[in-house]
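The values are calculated or read from the model by the stated rules, or taken from the named source; none is laboratory data. On a predicted model such as this, the values are computed, not experimentally measured, just so you know. Please note: Cβ atoms are built from the backbone with ideal geometry, for glycine as well, and neighbour counts cover all protein chains shown. What goes into the accessible areas is simple: the full protein's heavy atoms, side chains included, and nothing from ligands, DNA or RNA. Shrake-Rupley method; radii C 1.70, N 1.55, O 1.52, S 1.80 Å.
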Amino acid sequence: MKSDVPVAREPPSRRWPAVALGLGLAEFLGGVAVVVYIVHLYGHNSDWLQLAVWTLVFMGFPLVGAATASSRPRHPVGWLLLAIGGVGMASQFCYTYSPGPHPSVPQALVLIAAGDFLVTALVLLPILILIFPTGSPGRAWRRRVVVSVAVVCVLADITAAFAPQLSGDARNYANPLRPLGFGGLISILTSVFFLLALLVLLGAALDAIRRLRRSQGVQRQQLKWLVYASALLVPAVVIAVAIPNWWSPIPLIVATNGLAASIGLAIVRYRLYDIDRLISRTLAYATVTGLLVGVYVGLVTLATRVLPFSSPLGVAASTLVAVALFTPLRRRVQRLVDRRFNRARYDAEATVAAFAHRVRDDVDLEVVSSEFVHAVQSSVEPAHVSLWLRPTGSST
């Protein structure tokens, strides 16, 4: 006999937050690993330095994306941030591959994937601008723009796969998939798709400016910093692509991480998705991770290249120092982050500490009760406060 009772399924909200946090952590640590690997092995080569600098372009997206998607798993903004960070980090990871002077087709596919991932990450930026903060394009013309961006991205990726030269490990390699006699046509198509992507990015920035001018109140504050970062994207992309130098991606680093930071600021400062606590934890651990990585790399360099220590001993000592610094550094950074981004928690802790200091030496029950009521009123600001005390000598 069949039962009409549907099978219960686990709500998506119970498993997707863990997936979002895992993806964000993996992307961020993967980017840190790529930078450390490049700087440690090839830090004196300006070409490799450019590759390391390009990795920093996408470092902010996994942090904000993990915090947003874990709190609001049904909202697309967080997942789009994670997608941009993921494909951006994947592109830099593939660019570190060294296939040899004459790559085979499977080896060339790794370098093709590097270029395709980078193009995809940059093309997803206007979509992020268009759907923020609601998560939907809204008007019909915005939906058509999103579809057009997807088509341009696919065509640009296909064209890049047949480019005569492929970039990898700061060098160029001959593409075994290049069609002979069509190099000029492919170069023209690449330029056309690049111009189309720039026009779409410019249109998204102009649309953000238009929405800012028509918005009011909290929505205006949410969009303000996003508009500033969006306005920097077009010239930053042009500088990064047109100038072959190690410092050319620096304006793009400021623009892209500023875009991610503006979304994080809208979330935290103006309570867009009400995830203040999670954002403060993410910022604190990201700051601690960056500081410890810098201390570790600096100590390893100092111990193995400046001081007369062997490499294993220097690495072990640097690891112990980094581990010892973790807890005190985390507490100090967490307090600084809470003071700026999670003010409610910081104010509550300050109120409790002040209350404990005032009643430390008091034994008068009326004084303690009065101080307790004052602490509750100043911290949570309720409409009414009542304190019930058990009578002295009562057993119930």
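List pairs: first residue in the stretch 88-103 and within 12 Å of Arg171 (Cα to Cα), second residue among the basic types (Lys, Arg) and open to solvent by 60 Å² or more (accessible area, probe 1.4 Å) anywhere in the structure, Cβ distance under 9 angstrom, at least six positions apart or on different chains.
Filtered contacts from the stretch 88-103: Ser98/Arg171.
So Arg142 passes all but one of these: (1) open to solvent by 30 Å² or more (accessible area, probe 1.4 Å); (2) part of a helix (DSSP H, G or I); (3) more than 30 Å from Leu109 (Cα to Cα). Which condition number does it fail?
(1) is the only condition that Arg142 fails.
Would it be correct to say that Gly290 is within 17 Å of the chain's Cα centre (by Cα), open to solvent by 10 Å² or more (accessible area, probe 1.4 Å) and modelled with pLDDT under 75?
yes
Has the stretch 90-113 got at least one residue that is open to solvent by 30 Å² or more (accessible area, probe 1.4 Å), touching a strand residue (DSSP E or B) at 6+ places or on another chain (Cβ under 7 Å) and under 25 Å from Leu155 (Cα atoms)?
Yes, because at least one residue in the stretch 90-113 is open to solvent by 30 Å² or more (accessible area, probe 1.4 Å), touching a strand residue (DSSP E or B) at 6+ places or on another chain (Cβ under 7 Å) and under 25 Å from Leu155 (Cα atoms).
Looking at the stretch 148-194 only, could you name the residues that are closer than 17 Å to His102 by Cβ and either of a type in the set (Asp, Glu) or touching a strand residue (DSSP E or B) at 6+ places or on another chain (Cβ under 6 Å) (or both)?
Gln165, Leu166, Asp169, Asn172, Tyr173, Asn175
Go through the stretch 206-220 and give me each residue that's open to solvent by less than 70 Å² (accessible area, probe 1.4 Å), without any contact (Cβ under 8 Å) to a residue 40 or more places away in the chain and of a type outside the set (Ser, Thr, Tyr).
Ile209, Arg210, Arg211, Leu212, Gly217
Can you name the residue in the stretch 184-205 that is surrounded by 15 or more Cβ atoms within 10 Å (Cβ to Cβ) and free of Cβ contacts under 8 Å to residues at least 60 places away in the same chain and is also farthest from the chain's Cα centre (by Cα) among such residues?
The residue in question is Ile186.
As an exercise: evaluate Leu125 against (1) under 21 Å from Gln219 (Cα atoms); (2) part of a helix (DSSP H, G or I); (3) open to solvent by 20 Å² or more (accessible area, probe 1.4 Å) and give the number of the one condition it does not meet.
Only one criterion in (1) under 21 Å from Gln219 (Cα atoms); (2) part of a helix (DSSP H, G or I); (3) open to solvent by 20 Å² or more (accessible area, probe 1.4 Å) is unmet by Leu125, namely (3).
Select from the stretch 158-180 the residues that are open to solvent by 40 Å² or more (accessible area, probe 1.4 Å) and under 19 Å from Leu49 (Cα atoms) and list them in ascending order.
Ser167, Ala170, Arg171, Asn172
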